[in-house]
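Here's the structure, in structure tokens; my notes come after.
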């Protein structure tokens, strides 16, 4: 059966609390401890790199850690494949987030290396960490050598995609948090007809929740089909 890729474009709130770790507990626990309020005064500047296939939660962990720092009043620099490459490092940043490093252009690699150097430059103040993510382990990245070396210098975590039972548990938990009932039949339909990566499934659930509220109907397979016809 052909699966449908979903791109509804709804923003999904990503936090360390709503990340379902499954086999990725080590990375989740490390970042949860690292961003904790009690760790603020002794936060390690050692970089963290997480890697794994699409849908394994790399971006979720990075964005959640950055969001936690911002909630504490810190400023965070961010670089991804869509960021213009001529961005200067800012001394007021408490940390730097680099997402999808495997997609960086030559110019973006230059910017990433510059940010790495400045993050530990004593003239810029206290050393700050770099949190990065990519599709491959550092040694296999097609990046300039000095950047690849720095990405692999600190803590490196390999992430795995959740199994179907774990994806079901996440969907159930997310539905319960929204106060909506998600039947087994609807969940089967979602998992069999749509992209199975967790980010897409969560976007679908968000869209269903909004559509159900707008139409004042329960979440059912006919409602899901109706929503897709209206997109």
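Structure notes:
- Entirely in segment 99-218, the helices (runs of 4 or more DSSP H) that have 3 or more residues that are surrounded by fewer than 20 Cβ atoms within 10 Å (Cβ to Cβ) and modelled with pLDDT under 90: 164-178, 184-193, 198-215
- Residue in segment 88-97 that is under 21 Å from the mean Cα position of the chain (by Cα) and either surrounded by fewer than 19 Cβ atoms within 10 Å (Cβ to Cβ) or not in a strand (DSSP E or B) (or both) present: no
- Those residues of segment 16-31 which are at pLDDT 90 or above and either assigned to a loop (DSSP other than H, G, I, E, B) or crowded, with 19+ Cβ neighbours inside 10 Å (or both), in sequence order: 24, 27, 28, 31
- For beta carbons closer than 7 Å, sequence separation of 6+ or different chains, a first residue in segment 146-165 that is closer than 24 Å to residue 192 by Cβ and a second that is part of a loop (DSSP other than H, G, I, E, B), the qualifying pairs are 160/52; 160/56; 161/53; 161/55; 161/56; 162/20.
- Whichever residue in segment 77-87 is in contact (Cβ under 8 Å) with a residue 24 or more places away in the chain and either in a helix (DSSP H, G or I) or more than 15 Å from the chain's Cα centre (by Cα) (or both) and, among such residues, is surrounded by the fewest Cβ atoms within 10 Å (Cβ to Cβ): 86
- Scanning segment 32-59 for residues that are at pLDDT 90 or above, within 15 Å of the chain's Cα centre (by Cα) and buried (at least 22 other Cβ atoms within 10 Å of the Cβ) gives 48, 49, 50, 51, 58.
The values are calculated or read from the model by the stated rules, or taken from the named source; none is laboratory data. On a predicted model such as this, the values are computed, not experimentally measured, just so you know. When we count neighbours, we look across all protein chains shown, and the Cβ atoms used for this are built from the backbone with ideal geometry, even at glycine.
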